[in-house]
Each structure stands twice: as C-alpha cells, then as structure tokens.
Amino acid sequence: MNKKIVIVGAGVSTQYQVLHLLKNGYPGNLITIIDKGNDIHTRKPEEVMNGAGGAGTWSDFKVIPSFNQGGIFFPNYCTNKEYAEKLSKQLYDYIVEHHPEPSKIMHTEPVEEPQFIKNSPFELKQSPCYHLGTDYGQQQVKKIFEYFEQCGIKQYYNAIVTDIDFKKNTVSFWVNEKKYNLIGYNKLIIGTGKSGMDLLTKLINQYNLTTVPKPAQFGVRYETDGKYFEELNKIAYDFKLYKKFGDDSARSFCTNNFAAFVAEEETYGMKSFNGHAHKDPNKANGLTNFGILLEARGIEDPFKFSQDLVNFFQNSGEATYYSPSNREPSLTDQGNKVPGYKISLEKFKEGFGKYSDYIIEFIDDLNTTFGIDNNYIFYCPEVKFLTNEILLNKKDLSLPQYSNVHLQGDAAGARGIYISALQGLYVAEAILKINYKTTI
C-alpha cells in the first residue's frame, strides 16, 4: 500500500523534510502540502508570515546551529547526540547545495566575552551563526519549491483548513470559494507556524491532547543606529543578551545589522512587528534592530494572552511605536515608512502591565552599556503565538493517541530555523525507515 503524506504548513521544517524525502527516493506524487499563504510564484517579499518557505527563511535567514537554543534540547528527541549531529550536517549540506552563492554565507563563532559585557547587567549567550540574508534566503526557497513542483508534489496555497479528522484520516480546507477534502492519508504532518496556532488550539481542545505548560513570549522590536553595537558585532552578529527577572527573563532576539529593516506582520487580522536583514550592500541603512522578548511563566493560556496583547495595540489597522527621543520610524526594504501610530509611555505600560517594567529596565541597561542615551525607537508588540506544548512520542514526534500524526516546527515547540529544520529531517527519517522502505 502506498503511503500518502499530507503536510499542513509549508515552513522551514516542511521545506527540508520534503527535500530529504525526495533525495531518498520518496515519490513526490504521494506528498501533498497545504499552506494558508501564497505559492512561490506569487509570494511577495513583504509577505513575511505565510507562504511557501514559511517565515524565517523568507525574512532574515539566520541559522543558529546550537542544540541549546530553539525551544528544546534536540538530542533528547534522538537516540543519541551523534545522530543529532548527523542530521545537523545534513541540514547544512542542503543549505549549501541550494544556496545561490555559498561563498557569501556569513559565519561567526563564539569568542571570549568582552570586558564591557562582563561588567554589564547582561549575560551574553553565544552560539555559531550562519547568516544567509533575506536576499539569498528567498532565492533559495524559490529554488527548493520549484524542485518540489518538478517532482510532482501537490501543493495547495491560500488554503484555510477547517477540519482535520484524526480518526477518519481526512483534511478539509477551502481555497478561495472551493472546498477540498483529502481522504485517506497515511501520514499527517502538522508543521504550522505561529500564524497557525489557532488550528493547533482547536485540535488540542477537539481531541483532548495532553499538553505541558509553556512560557508566553512577547515584547517589542527595538531599533537604533548600528554604530552602538559595532564592538559587539565583531564577536556576535546575532547577539543574544539575557537578563533575568525572577522566574521570567528577557532576551534580545533575531538581531539584524547593517541592512536591517523592521517588518510589519499580520496574523489573525492583527498587526505586529518583526525584522530582517539583507545581504545586498546597496540596501545598507546603518541600522540595527532586534526583538526584546520576554519569556513569562505562569500565564495559563499563552495563545490567548498573545492575541489580547496584540489586539490592545491595534488602531485603525495599525500597530504602535514609541520613542523617548522622538525618533521617527525607519523605512521598510520597500522604501515605505514602517506603518504604525505613536503612543505614549503610559499607553505602553497599560498594555504590557507589570511586564513593561522588565522591558524598560532592559532598555535602560542597553543605554548604559552601549551609550545609546535614549536614541531609540521600539515598535510593539512583537509576539510569538504559542500554545502550551503538546506531549509527543520522542521517537518520531507523533501523537501518543494517533501514531500516524506527527508535529514539527512551532507546532512541536521548536523556535527558529535550526531546530525546526532538524525536526523536519527527523520525522522524514522516521517515515523513510518505518513506512517507505517496507511498503512501496
């Protein structure tokens, strides 16, 4: 019996998973991909959230090859660390193979922490970093998904999934005004990103899936002149500055330098912010931006909390920004002013409640450590829409109640390109070993 695979979500985990299946002889005509965004031919550069390739590889393509970052310690899901490292090497080989100009991949390694950071309130967590850049990342995504088309993979885009029946093995969805019912899948893989957490929440409630508490992650997208971070950039391009606040913590996240742009996101009909960076020197703007993200524990429903936070800052279809020095919003990589409306510090504090104190303290420490003197602007909010983490079988990331349903990427608790991609490869290996070789 042929094994039909249906994958919901065309993000980074799916991208490298399907590539791995195809490279190992799995027939493309047995694979179907469903995504709520545009396909590779119609997806625009500014569509950073949904579509073929997902979010991370379409915006600022940075890979942090560390098992200690990204939401989980990945080797715990494998038989041993050596196997995890094997998958890591495979991922890097795929990235190089499909990169338009492999020699242009920027690579940094951890070095000794500089004295001015040792004397600061921050902890600097360092990891290796491969930075492809938005320009090359989008080219690579296109190259890979064009290969999928050549291999006969069925792909549905602008698709809204309305029902998944784990018992009948069916997926129902709409594309524009046409309804589709995929009947009789053998393997269902759910790789939805943060814009698909509503579907995941629905499935948790519908099937009473076992979950474990997970911290909420939310904050602001901070922006200032890149000159302040020149010394830190010499040792860490995507620097991670951490600070503890009791059981909670704050960190810099997804740092973009040199040709750095703030990007508006739309999720669930509401606007928030993110950022990315280009490799093209002609797009250099001298700016640095990064998220200041809180990891807050004890929030019962992280997904609802994030929705309520984003909704608080909506005004006539725009989100917000704040600057104590009246710094104006920068330009997007499309040459337009970053959209948003200006708010007071009081409004910011009202929306974030007690968590605003953590963010302001983090920013004050940036001022002191790097001599910024309030010459900044932040756009808010930036959030990671997350559910509580679903309990999975470690051997293949499947549901304990439904062994033919697998989760990966954000849906499986991963954060970032690296761990998400490794999960995709991991599930692909399980399919190749357990199902494909013995049945087709």
(Q) Given the criteria at pLDDT below 95, surrounded by fewer than 24 Cβ atoms within 10 Å (Cβ to Cβ) and farther than 20 Å from LEU19 by Cα, does LYS394 qualify? (A) yes
Q | Qualifying position, being open to solvent by less than 40 Å² (accessible area, probe 1.4 Å) and not acidic (Asp, Glu), among TYR156, TYR180 | A | TYR156
Q. Can you tell which of ASN336, ASN326, ASN311, ASN315 is closer than 21 Å to ASN257 by Cα, open to solvent by 20 Å² or more (accessible area, probe 1.4 Å) and not charged (D, E, K, R)?
A. ASN336
Q: Check the stretch 194-217 and report whether any residue there is in a helix (DSSP H, G or I), touching a Leu at 6+ places or on another chain (Cβ under 8 Å), among the aliphatic types (A, V, I, L, M) and modelled with pLDDT under 90.
A: yes
**Q.** Among (1) in contact (Cβ under 8 Å) with a residue 24 or more places away in the chain; (2) out of contact with any Leu (no Cβ under 8 Å at 6 or more places or on another chain) - the single one LYS234 does not satisfy
**A.** (1)
Q. Is it true that TYR228 is open to solvent by less than 10 Å² (accessible area, probe 1.4 Å) and either under 24 Å from THR332 (Cα atoms) or aromatic (Phe, Trp, Tyr) (or both)?
A. no
Q: Would you check which residues across the stretch 9-39 are open to solvent by 10 Å² or more (accessible area, probe 1.4 Å), part of a loop (DSSP other than H, G, I, E, B) and closer than 16 Å to LYS142 by Cβ and list them?
A: GLY11, ASP35, ASN38, ASP39
Q) Filter the stretch 279-292 for residues that are of a type in the set (A, V, I, L, M, F, W, C) and out of contact with any helix residue (DSSP H, G or I) (no Cβ under 6 Å at 6 or more places or on another chain); which is surrounded by the fewest Cβ atoms within 10 Å (Cβ to Cβ)? A) ALA284
Q) So is ALA84 at pLDDT 80 or above, among the hydrophobic types (A, V, I, L, M, F, W, C) and more than 16 Å from VAL12 (Cα to Cα) or not? A) yes
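This table checks each residue for (1) touching a Phe, Trp or Tyr at 6+ places or on another chain (Cβ under 7 Å); (2) in a loop (DSSP other than H, G, I, E, B); (3) closer than 16 Å to ALA55 by Cβ.
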| site | (1), (2), (3) |
| --- | --- |
| GLY275 | yes, no, yes |
| ASN285 | no, yes, no |
| LEU293 | yes, no, yes |
| ASP308 | no, no, no |
Q: Check off (1) assigned to a helix (DSSP H, G or I); (2) under 20 Å from THR201 (Cβ atoms) for GLU266 and give me the number that stays unchecked.
A: (1)
(Q) Filter the stretch 267-278 down to the residues that are in contact with a Ser or Thr (Cβ under 8 Å, 6 or more places away or on another chain) and either among the hydrophobic types (A, V, I, L, M, F, W, C) or open to solvent by less than 30 Å² (accessible area, probe 1.4 Å) (or both) and list them by number. (A) THR267, ASN274, GLY275, HIS276, ALA277, HIS278
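Give GLU346, GLU295 a once-over and let me know the one that is modelled with pLDDT of 95 or more, surrounded by fewer than 22 Cβ atoms within 10 Å (Cβ to Cβ) and among the charged types (D, E, K, R).
After ruling out the rest, the residue left standing is GLU346.
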**Q.** Residue among TYR379, TYR358 that alone is surrounded by 14 or more Cβ atoms within 10 Å (Cβ to Cβ), aromatic (Phe, Trp, Tyr) and part of a helix (DSSP H, G or I)
**A.** TYR358
Q: Could you please tell me which pairs satisfy a Cβ distance under 6 Å, a separation of 6+ or placement on different chains, a first residue in the stretch 119-143 that is in contact (Cβ under 8 Å) with a residue 24 or more places away in the chain, and a second residue that is in a helix (DSSP H, G or I) and among the acidic types (Asp, Glu)?
A: PRO121/ASP365
Q. Restricting attention to the stretch 262-270, does a residue exist that is closer than 21 Å to ILE117 by Cβ and without any contact (Cβ under 8 Å) to a residue 60 or more places away in the chain?
A. no
**Q.** Close pairs (6 angstrom Cβ cut-off, 6 or more residues apart or separate chains): touching a residue at least 60 places away in the same chain (Cβ under 8 Å) in the stretch 171-186, assigned to a loop (DSSP other than H, G, I, E, B) anywhere
**A.** GLY184/ASN169; TYR185/LYS4; TYR185/ASN169; ASN186/LYS3; ASN186/LYS4
**Q.** Top-ranked residue of the stretch 231-266 - restricted to ones that are surrounded by 21 or more Cβ atoms within 10 Å (Cβ to Cβ) and among the hydroxyl-bearing types (Ser, Thr, Tyr), ranked as nearest to GLY51 (Cα to Cα)
**A.** THR255
Q: May I ask you to list pairs of residues, at least six apart or on different chains, whose Cβ atoms are under 8 Å apart, with the first in the stretch 191-208 being among the basic types (Lys, Arg) and the second being part of a helix (DSSP H, G or I) and crowded, with 23+ Cβ neighbours inside 10 Å?
A: LYS194/ASP410
Q: Considering only residues that are β-branched (Val, Ile, Thr) and in contact with an Asp or Glu (Cβ under 9 Å, 6 or more places away or on another chain), look in the stretch 8-52 and name the one that is nearest to LYS384 (Cα to Cα).
A: VAL48
Q) Looking at the stretch 415-422, is at least one residue part of a loop (DSSP other than H, G, I, E, B) and among the basic types (Lys, Arg)? A) yes
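The values are calculated or read from the model by the stated rules, or taken from the named source; none is laboratory data. In this text the structure is predicted, and so the values were computed from the model without any measurement. All Cβ positions, glycine included, derive from the backbone under ideal geometry; neighbour counts span all protein chains shown. Protein only, heavy atoms only, side chains kept; ligands, DNA and RNA dropped before computing areas. Shrake-Rupley method; radii C 1.70, N 1.55, O 1.52, S 1.80 Å.
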